[in-house]
Structure formats: C-alpha cells, structure tokens
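Asker: I am attaching a structure below and will ask some questions about it afterwards.
Read-outs throughout are calculated quantities, based only on the coordinates presented, and are distinct from any laboratory measurement. Values in this document were obtained by computation on a predicted structure and should not be read as measured data. Cβ atoms come from the backbone with ideal geometry, glycine included; neighbour counts cover every protein chain shown.
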Amino acid sequence: MNDVLDVTLRLLIVFVVFLAFPLVVGQTEHKVMAHMQGRLGPMYAGGFHGWAQLVADGVKFAQKEDVVPAGADRRIFQLAPAVALLPYLLVLVAIPIGPGEGAVGQAVDAGIFFVLAVMGVGVLGSLMAGWASANKFSLLGGLRTAAQLLAYELPMLLAAASVAMAAGTVSLPGILDAFEWWWLPWQIVGAIVFFVAGLAELQRPPFDMPVADSEIIFGAYTEYTGLRFALFLLAEYAGIVVLCGLTTVLFLGGWHGPWGADGLGWVWTLLKTAVLAFIVIWLRVTYPRLREDQLQKLSWTLLVPLALAQIALTGIVKVVIS
Amino acid sequence: MTLSATAGRLAAEVTTSAAAETHGFLSPTGVEISFVLVGLVTFGAALVTVTTRQLVHAALWLVVTLGGLAVEYLLLTAEFIAWVQVLIYVGSVVVLLLFGLMLTRAPIGRSPDADSGNRWAALTVAVVSAAALVWVVVDAFRTTWIDLDGPAAGATAVTGASLFQNWVLPFEALSVLLLAALVGAIVLSRKTTPGTTADPSTGKAPTAGAPAKPGPAKSRPAAEPESARARTGEVGPAEPEPAEARPAKAGTGEPRPTAPRTDEGGVR
C-alpha cells in the first residue's frame, strides 16, 4: 500500500510540474519578450501584470471549435497532438531534481538513452500532423521537421555520450552523483552542442524553419485549432522545460551548488533550469531565423565535429586521470 | 546488432538459471502474460504494416511494431537494448522513412498501385526466415528462464560487458559493414556524368562563391562533409538551392552531386 501511495504521489507531482512549468515558461516568455522589445506585454488578465494571461488563453482555446479538414486523414490528424505531447511527460519522470532516491520520479537505469529516445518520438507527432493535414504548407513543415531532426539528433546524442563517458554511467542520478565542478569547463563544448541541438529539435527560434510563419503559415500545425493546437503549443513549452532540465542535469551539475546541496539541491536544479529557459527566450528575441541550408550546414559542419572533438577530449582526460 | 547483443546477454544468462523445472506453462506470471499479449500486438501490427494499402499508415504501424519489440526487450529486463531500439528505429529509421515518403509520394488514402507482384515470393522468404529465426532461438535457449527477482540480467553494465568481452568480433564486423554502407552511399550520391571536371578530392563545387562567408563552416573533418552533403542534397528539392552552394563560375559545369536523384527513378 505504501508503495502504491509513493508511486502515485510521485506521478502526481510530475504531472503537476508537467502542467505548471510550461505555463510559467510561457508567461515568462510573454513578459521577457515584451520588455526586450520595449513593450509591456499582457497587463490585464488576472490583475497583477497579466499573470493569468495563459489561463485566459487556455479558456479561449477550449472554447474554439475543433476542426478537422475534410481532406485530412482523420484519425492520424487527431492522434498527432498526443504523440507530440506525451513523450515530454514521460521524460520528465526520469529527470532527477535533487540528491538521493527521493528526488526523481523513477530512476531509469539507461536514463540518457531513455530521455533521448522518448524525445525523438515526440517529433513523430509533428510529422504525423504535417502529413495528415492534407495541406501543402503542412507537408513542407513536416519535411523540414524531419530534415531538422535527422540533422540534429546525432550531435545531441554524441554530446550526451561524452557526459556518459565522463561519468562512467548512463543513469541520470548516477551522472549527478559523479559530477565534479571542473566538469563544467571540461564539458562546456558538449553542453553548448547539446543545448543548441536541443533547441533545433524543439524547433525554437532561431531554428523555427519548420513553422516559419512568414513562409509556410505555421508548418505542420497550420490546420489545427482549439485544444489540439493548444496541445502542440504546450508540447513546445514542455519541451523547453525538459531540454533545460536535461542540460542542467547532464552538464551543469543539477543539484550541486556552492552551498546547500543537501537540503536545497532542488532549488539549484530549478534555478539553473530557469536561467536556461531565460536564455531560450533571449535567443528567440535576438536571432533571426536560420535558412534551411544554414540549418543543415550548422549541424553537419559545426556541431557534429565539435561533438566528436568533445568526445575525444573526454576520452583523453578520462584516460589521463584514471 | 540488437539481436546479437540480446542473444549474448541471454547466452550469458543460461548458466545462472538452471531452475527450469520450477517453471511451468500452466501457471503463467503477470510478466509472462503481458509478454505474450505484447507479442501478439506486435505481430498484428507487423501484419498490418505489410498489408495496409496506405503508405504512410504502413510506416506508422511500423512504429507500433518496433515499439512493441522495445516493450518485449523491457520485459526481458534488457532496458538498454529497449531504449536503443526506440532511439534508432523509431526516432531515426522511421523518421527517415517518413521523410522519404513525404518527399516523393505520400497520398492521403489508399494507393492501389502500391501492391507488388512479388507478394508470394516475399511471403515465402518471410515465412522461411521467420521459421529459421524461431528454430534458432528455440533451440538455443530451450527452457531457459530469466530470474526477475535478482539484479536485472539485462542492465546496461551487463550488456556492455557482454558486448565488449564476448561479442567484440561480431560488433566490430558490423561496424565495418556499416562503414561500407556509408562509403557506398557516398559513392552513389556523388556520381558525376563523364566529361565534367569534378575535383575527385572533394567532389564538390568550389567554395570560392562565398568569399565573405563566416568561418565556422570551414572546419570540416574527413568523413562528415560527404554525408552532410548527401543530407543537404536530399533536402534540396523542397528548398531553393543556397547561393553559396553554386559554383562561382558557371563554366566549370560541375553538377550538384544529388541533382539527378531528386526525381524518383531519375536519370542514372
């Protein structure tokens, strides 16, 4: 009975985090973008600085009619948002936020492979949406999504492999247990490669070619309305939370901090994740969109070699210090 | 690769679980029941994959099949193999498949012309190879049971040790095979028509067309640029060709490596 309660409680917490954190990131994006562009952003919903704007958006989405185009492949069109969203929920279960057994939803033995594999499945949702919409813009968006995923999956995996080599384990809590502060400069190249590749996998600006609204309307999501569209948006922001959390755990030491790592480790994790999420927003406001060929070139000629160099460096240092 | 790794892990396990006589088929445990059920679902999905008349649906049913296999690996405690299966097959192979389908032809609804005249030959080969595999697996493991209560027999550490201690040679042979496939793909994709002055050392247009291009793209290692080129080339048809990929002087007349392949069944 106690075990059942324990598991239920953990899953419940993960679920609440899954629902709440993306909204927090979304609201932060509203406000940060606005202030970076000399605007105020939402100010009215909820009273204090428009804190309830996303709740109001959610209500609006729920009220809209759920339209499926006549020519679309109905079942796959309706299934796609779930395929896009659920993997991030699963990934969140495996991310440890503090030291010890209690601070992770479920300790997975092959944690790195689990999170990367499941995140890769999420992109299938975009592909299904792009194809099933029976719309040329959607199909183009789906194609670009697939091309982008193929290009950026490899550097992401290589960068993660470098950390696994450094720690000698592929379990996420295990990596955090092995972490030392000097891993930060040692793995910094891998960290940047991982973060950039993750951004590209999430199709966040400046890698938002697949949903480039000025060219192909909204890519794979062009035909979606109402709640299903909201689910895709939620998937994007859940993806930001997951990516920032993973980068924190793999490269920034997770719950390790200058002080208070035992009792307040989770604060460090959240703080680092929040800073990374801020950077994600900052990048969106700062950089123009990369063209498709620039996207591919960046991955294959810069990120992959850098990731390989990082693996070589990791291997050399590992042999030297052991 | 996954198959051999699994076989290796199971072979290592044969010695440790000799308590076969305590197991029976008449009182299955929950894990065994779910193993059979997931196996049935996987088998059904595989059948639909090859019989459905909708091309993209076939690819998506393949996702179900491969995911079902991953669950079976999980139930066999081979966690690492399961996630690698999802990562490689669902995350990459099926995405590549869908990409190819969308790039060439992916109609909504049925494709009556998608049937092949080889269906009986294909069925024969499939049944024979399935029978051979089942026979090999059954003969190799007989009544071997995995001990689910102890430490996971297929944990990452166990799999890694088995792979790199007992099965290094097949592993390396497979990687050489993959390398050969990679080289073959590169050779195919940079086929040039006779009479052109393609530089054999690089096989690409001179980069002088973009003198002001910022630096990072210059650092190319030995093996990557060709595959990168092949990938970008495949993206090409949907996108306008980038300015700096064109030769600076049109007179050199070097065709882009993948240009003839953009139409399916194009000029060979």
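Asker: Once phi is turned into θ = phi - 60°, what whole-Hz ³J(HN,Hα) does the Karplus curve with 6.51, -1.76 and 1.60 give for every residue of region A:215-221, x standing for Gly and Pro?
Answerer: For region A:215-221, the Karplus curve yields 10, 10, 6, 9, x, 5, 9 Hz.
Asker: By per-residue mean of other Cβ atoms within 10 Å, what is the highest-first order of A:290-303, A:272-285? List each step's numbers first, then the result.
Answerer: Working: A:290-303: 21.9, A:272-285: 18.2.
Packing order, densest peptide first, comes out as A:290-303, A:272-285.
Asker: To continue, here is another question. How far is helix A:226-251 tilted off the main Cα axis of chain A, in degrees rounded to 10, range 0 to 90?
Answerer: Taking the Cα atoms of chain A, the angle to A:226-251 is about 10 degrees.
Asker: Per residue and in Å³, how big is the convex hull formed by the alpha-carbon atoms of region A:85-162?
Answerer: Working: hull volume 6.9 nm³, N = 78.
Output value, Cα hull per residue: 88 Å³.
Asker: Return one number: the angle in degrees, 0 to 90 and rounded to the nearest 10, between the long axis of the Cα atoms of helix A:188-202 and the longest principal axis of the Cα atoms of chain A.
Answerer: Roughly 20 degrees between the two axes.
Asker: Follow-up question, since we're still on this one. What list of ³J(HN,Hα) values in whole Hz, one per residue of region A:137-150 in order, does the Karplus curve 6.51 cos²θ - 1.76 cosθ + 1.60 (θ = phi - 60°) give from phi, with Gly and Pro shown as x?
Answerer: Taking θ as phi minus 60°, the curve returns 5, 5, 4, 4, x, x, 4, 5, 4, 5, 4, 5, 5, 4 Hz for region A:137-150.
Asker: For chain A, what does the relative contact order come out to in percent, with C-alpha contacts under 8 Å and a separation of six or more?
Answerer: Values: 492 pairs, mean separation 75.2, N = 322.
It rounds to 23 percent for chain A.
Asker: For chain A, set up a GNM with springs between Cα atoms under 10 Å and report which of A:167, A:107, A:312 has the largest fluctuation.
Answerer: Comparing A:167, A:107, A:312 in a Gaussian network model of chain A, the most mobile one is A:312.
Asker: Could I ask something else about it? Average partner chain C-beta neighbours within 10 Å, per residue of A:157-164?
Answerer: Details: counts 4, 0, 0, 0, 0, 0, 0, 1.
For this peptide, the per-residue mean of nearby foreign Cβ atoms is 1.
Asker: For a quick protection proxy, order the peptides A:178-189, A:111-122, A:83-94 by their average other-Cβ count within 10 Å, most packed first.
Answerer: Averaged packing, sorted descending, gives the order A:111-122, A:83-94, A:178-189.
Asker: Quick one: which of B:116-125, A:242-251 comes out on top by average Cβ neighbours within 10 Å, and what's the full order, highest first? Don't jump to the answer; show the numbers that get you there.
Answerer: On the way: B:116-125: 9.9, A:242-251: 26.4.
Listed from highest to lowest mean packing, they are A:242-251, B:116-125.
Asker: Here's a follow-up. Kindly express, to the nearest 10 degrees and within the range 0 to 90, the angle between helix A:53-63's C-alpha long axis and the longest C-alpha principal axis of chain A.
Answerer: With both axes taken from Cα atoms, the answer is about 50 degrees.
Asker: Evaluate 2.2 N^0.38 Å with N set to the residue count of region A:1-57, then give the Cα radius of gyration divided by it. Don't jump to the answer; show the numbers that get you there.
Answerer: Details: Rg = 16.4 Å, N = 57, 2.2 N^0.38 = 10.2 Å.
Normalised Cα radius of gyration, region A:1-57: 1.60.
Asker: Hey, if you drop one equal point scatterer on each alpha-carbon of region A:2-321 and run the Debye formula without solvent, what base-10 log of I(q)/I(0) do you get at q = 0.11, 0.12, 0.13 Å⁻¹?
Answerer: Normalising to I(0) and taking log10 leaves -0.71, -0.85, -1.00.
Asker: Okay, next question. Would you please give the FRET efficiency between residue B:175 and residue B:115, computed as 1/(1 + (r/R0)^6) with r the Cβ-Cβ distance and R0 = 22 Å, to the nearest 0.05? Display every interim value, and only then the final one.
Answerer: Numbers: r = 37 Å, r/R0 = 1.67.
With a Förster radius of 22 Å, E is 0.05.
Asker: Which whole-Hz couplings ³J(HN,Hα) result when phi for each residue of region B:179-188 is put into the Karplus expression 6.51 cos²θ - 1.76 cosθ + 1.60, θ = phi - 60°, listed in order with x for Gly and Pro?
Answerer: Listing the rounded values in order: 4, 4, 4, 4, 4, x, 4, 5, 4, 5 Hz.
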